[in-house]
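In what follows, a single structure is set out as structure tokens and then discussed.
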Amino acid sequence: MTSAAKEVWREIEEDIIVRRALEKGIVSLKNLTVYLLKKKKITASADAVISAIRRYKEEKPLERKFETARQVISKSEDLRITTAIMEIAVEKNKETQALLSKAVPLVNYEKGEILLIIQGEQSIKLIFNDKNKNKILSLFSKKSILVIQENLAEINIHLSEEAVKTPGILVVLTTELMMHNINIVETMSCVPEMLFFVHQKDIVKSYELLFKLCKA
């Protein structure tokens, strides 16, 4: 493959809009060539760019990876949602670390309640049901609470075992939501489960989109 072809392929693969348009046949070779030459400043002749685009359309290297990931996602075993979720971020220090153990007994896991804890370098996030808001917030001092985000919902996808070994699973799922202007507030994985947290107003649309992928 020539250096010009590599440059063209890289630009196509890094631009999801261009790639989708090319895959669906809704952009002409001429228009895409002009775009790549003028906007992306590709240093090659128009004929070389057209040739590289044609070869990319024939081989579809990245699309094959996406298709494999989509096929694996379609084997998902379950898809569930939980509404009325909230998230808080607290300072990460010895005091808040010690208080985390006190939060666990406040949650009734047998009734399906959740408590998820994510630790970063500077802060700790807790995700839990709205009904436990007062109990959990009361553990921490007001000055240690950095962010409170309410009106969230959880989507829990139970992926197949094959998904663990397949590149692109997360990209396919997040891209589908992004293309429909849905913001992912938080994401977590606990193999084989994949958890997405979105604003509650987006939960129905999010579920519909991911259900189509998981049950295709």
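Laboratory data are not the source of any read-out in this text; all were calculated from the coordinates shown. What you see is a predicted model, and the numbers here were worked out from it, not measured in a lab. Heads up, the Cβs are rebuilt from the backbone with ideal geometry, glycines too, and the neighbour counts pull from every protein chain shown.
Among Met179, Met188, Met194, which comes first, then next, by fewest other beta-carbon atoms within 10 Å?
Met179, Met188, Met194
Could you go through the range 57-67 in sequence order and give the Karplus-derived ³J(HN,Hα) for each residue, using 6.51 cos²θ - 1.76 cosθ + 1.60 with θ = phi - 60°, rounded to whole Hz, and x for Gly and Pro?
Running phi through 6.51 cos²θ - 1.76 cosθ + 1.60 with θ = phi - 60° gives 4, 6, 8, 6, x, 6, 4, 5, 5, 5, 5 Hz.
By counting other Cβ atoms within 10 Å of each Cβ, how are Glu63, Glu154 ranked from fewest to most?
The order, fewest Cβ neighbours first, is Glu63, Glu154.
Whats the longest run of the chain with zero trypsin sites (Lys or Arg not before Pro) that are DSSP loop and have at most 11 other Cβ atoms within 10 Å?
42-214
Please rank Ile169, Ile148, fewest neighbouring Cβ atoms within 10 Å first, as an exposure proxy.
Ile148, Ile169
Longer than 20 Å from Cα to Cα, which of Lys24/Lys60; Lys60/Lys205; Lys39/Lys65 are they? Say none if no pair is.
Lys60/Lys205; Lys39/Lys65
So which lysines can Lys38 reach, going by Cα to Cα under 18 Å and dropping same-chain residues fewer than 8 places off?
Lys6, Lys30
Over the chain, what is the relative contact order in whole percent, taking alpha-carbon pairs under 8 Å and six or more residues apart?
For the chain, the relative contact order is 22 percent.
Hey, what does the equivalent ellipsoid look like for the range 1-66, semi-axes from the Cα gyration tensor as sqrt of 5 times each eigenvalue, largest first, whole Å?
Listed largest to smallest, the semi-axes of the range 1-66 are 17, 13, 11 Å.
Hey, can you grab everything whose amide H is under 5 Å from the amide H of Ile114? Only 5+ residues off in sequence or another chain; H modelled, so Pro and N-termini drop out.
Residues meeting the amide H criterion: Asn129.
Under 17 Å from the 7 Å Cα→Cβ point of Val27, by amide nitrogen: which residues of the range 164-180?
The answer is 179, whose backbone nitrogens lie closer than 17 Å to the label point.
So what does the Cα-only Debye profile of the range 1-126 read at q = 0.09, 0.14, 0.17, 0.18 Å⁻¹, as log10 I(q)/I(0), no solvent term?
The Cα Debye sum returns log10 ratios of -0.56, -0.73, -0.85, -0.91.
Whose amide H sits under 5 Å from the amide H of Ser76, counting only residues 5 or more places off or on another chain, with H placed in the peptide plane?
The answer is Ser160.
Would you calculate the separation in nanometres between label points at Ala46 and Ile145, each defined as 7 Å from the Cα along the Cα-to-beta-carbon direction?
6.3
If you plug each phi of the range 142-150 into the Karplus form 6.51 cos²θ - 1.76 cosθ + 1.60 with θ = phi - 60°, what whole-Hz ³J(HN,Hα) values come out, in order, with x for Gly and Pro?
4, 5, 7, 8, 8, 9, 10, 10, 10
For the range 129-138, what does the Karplus curve 6.51 cos²θ - 1.76 cosθ + 1.60, with θ = phi - 60°, yield as ³J(HN,Hα) per residue in whole Hz, taken in order and with x for Gly and Pro?
3J(HN,Hα) across the range 129-138, in whole Hz: 6, 3, 4, 9, 3, 5, 5, 7, 4, 5.
If you look at just the Cα atoms of the range 61-164, how large are its Rg and its Dmax in Å?
So, for the range 61-164, Rg and Dmax equal 17.5, 53 Å respectively.
State to the nearest 20 debye the size of the charge dipole of the range 78-214 about its Cα centre, where the only charges are +1 on K and R beta carbons and -1 on D and E beta carbons.
About 520 debye.
Using a cut-off of 18 Å between alpha-carbon atoms, which lysines can reach Lys142, once sequence neighbours fewer than 8 places away in the same chain are excluded?
Reachable lysines: Lys92, Lys94, Lys102, Lys125, Lys133.
Based on the Cα coordinates of the chain, what is the per residue volume of their convex hull in Å³?
165
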